[in-house]
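The next block holds one structure in the form of structure tokens; read it before the comments.
The values are calculated or read from the model by the stated rules, or taken from the named source; none is laboratory data. The structure displayed is predicted, hence computed values, not measured ones. Cβ sites come from the backbone with ideal geometry, for glycine too, and all protein chains shown count toward neighbours.
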Amino acid sequence: MPMELRKRKEAPAPPPPVRRKMTKTAKTDTASKAKGDAEEKAAPVAASTNGSSSSGVPTVGDIINLDGFGGEIETNDGTKTTLKSLVDASKAGVVIFTYPKASTPGCTRQACLFRDSHEALTSASGLAIYGLSTDSPKANTTFKTKQKLPYPLLCDPQASLIGALGLKKQPRGTTRAVFVVDKAGKVLALQPGGPEATVAVVKKLVEELPSGSASAAPAEQKVKAEQVAEKKEEREEEKEKEEKEEKEKEEEKAQKKEEEEGAGAENKSEDAPKAEGEGQGESKSEGETKDKDETKAEGEAKATANGEEKKKE
């Protein structure tokens, strides 16, 4: 006989889940999670807006959007400015070194090292140098004046730019570092370090700048070199002219002296015969006067004798 297959009984349906009332704690956790997800989604948008990387802090090689980056700061003389304004005013970009507090030993050393290297770091590269701290304009002005710094100091009391660069300490303070950005907004350096290290970063960067790059400003360097050469040539020509005039004056003076000496000798020769003639004339006049006196005396004697003879007669 054929086997009869039995149907397996279906498992009973599970009971419907019991809906539990959500507690206050669970609601808070759910809201926090939703807020965190929203912030994560918004983070890339914010990073794109200020030009930084996804972490919120730019890194070397990033091209940041300079518009609004770091907010508003001011120079030590009280002029309001922004990073974009500083970059736009520069020839090839800016170097900003950060320091914790003006007029302290380490910060003074760092500022003076940038001061002593200022010409070498800026003349060929076209970079502009600035110091940045949370100090007040008054404190930074005193610092700049006392140390004779050739570059402006930036004041960021709210640490808006310092924070955007990732150099703000928690809960407060500033990390010593150096930041370099070119005209296109490309980050060339962003590195913390001591006074010597921050200067060394910029020196190395300047040495590695490609010849003829926009940062090197070759056209401007050429014009400057031509101007220097032209001024040198003008100075040499002026010097030659002065020497020539001096020589001509000396020759003229010598010639005049020679003429005066010749004229003196000639006058002396002419005066000698004249003096001799005058001497002879004086002698002759004296002789004539003497003869006249003698003749007069003889006449008077003769007249006296004649008178006496007439009396006798």
Here the residues within region 163-181 that are within 19 Å of residue 128 (Cβ to Cβ) and touching a Leu at 6+ places or on another chain (Cβ under 6 Å) are 177, 179, 180
Looking only at region 172-186, how many residues end up being within 14 Å of residue 100 (Cβ to Cβ) and in a loop (DSSP other than H, G, I, E, B)?
4
Looking for whichever is of a type in the set (Lys, Arg), at pLDDT below 85 and part of a helix (DSSP H, G or I) here; the options are 204, 231, 241, 253. Which one fits?
231
If we keep just the residues of region 129-174 that are among the hydroxyl-bearing types (Ser, Thr, Tyr) and out of contact with any Gly (no Cβ under 8 Å at 6 or more places or on another chain), which is nearest to residue 62 (Cα to Cα)?
130
Out of the helices (runs of 4 or more DSSP H) lying entirely within region 68-165, which hold 1 or more residues that are modelled with pLDDT of 95 or more, in the same structural domain as residue 177 (by TED's automatic domain parsing) and more than 26 Å from residue 186 (Cα to Cα)?
105-116, 137-147
How many residues, within region 156-177, are touching a Ser or Thr at 6+ places or on another chain (Cβ under 9 Å) and farther than 17 Å from residue 69 by Cβ?
7
Quick check: is even one residue across region 162-182 small (Gly, Ala, Ser), on the phi < 0 side of the Ramachandran plot and surrounded by fewer than 16 Cβ atoms within 10 Å (Cβ to Cβ)?
no
